[in-house]
């Protein structure tokens, strides 16, 4: 069953965030993630909107969690530091 990582992002330091993006993309590729949304135009229907959204599809919840806990993604998170405020969830699909 697929799983989706849904991320709301408010970028504070664009140059530092760009470095995070490079490392995060490499980590996601290593864990069979399929990017479905990366930035792009948004239309707010209800509630506050983040600056950016990202949605990654993984083959399963365990695979998504393995990506998040991986050394590759930990490195990306360390590089990100305070460059952006994140809200991230893993949700199981069907």
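A few points about this structure:
- Subset of the range 30-54 [touching a strand residue (DSSP E or B) at 6+ places or on another chain (Cβ under 9 Å), within 22 Å of residue 78 (Cα to Cα) and not in a strand (DSSP E or B)]: 31, 32, 33, 39, 50, 51
- Considering 87, 60, the condition of being surrounded by fewer than 16 Cβ atoms within 10 Å (Cβ to Cβ), over 12 Å from the mean Cα position of the chain (by Cα) and touching a residue at least 40 places away in the same chain (Cβ under 8 Å) is satisfied by 60 alone.
- Residue count, the range 1-25 (criterion: part of a helix (DSSP H, G or I) and loosely packed, with under 13 Cβ neighbours inside 10 Å): 4
- Those residues of the range 67-84 which are surrounded by 15 or more Cβ atoms within 10 Å (Cβ to Cβ) and more than 12 Å from the chain's Cα centre (by Cα), in sequence order: 70, 72, 75, 79, 83
Read-outs: derived from the displayed coordinates by stated rules, not from any lab. Predicted model, so just to flag it, every value in this text is computed and none were measured. Reconstructed Cβ throughout: ideal geometry from the backbone, glycine too, with neighbour counts over all protein chains shown.
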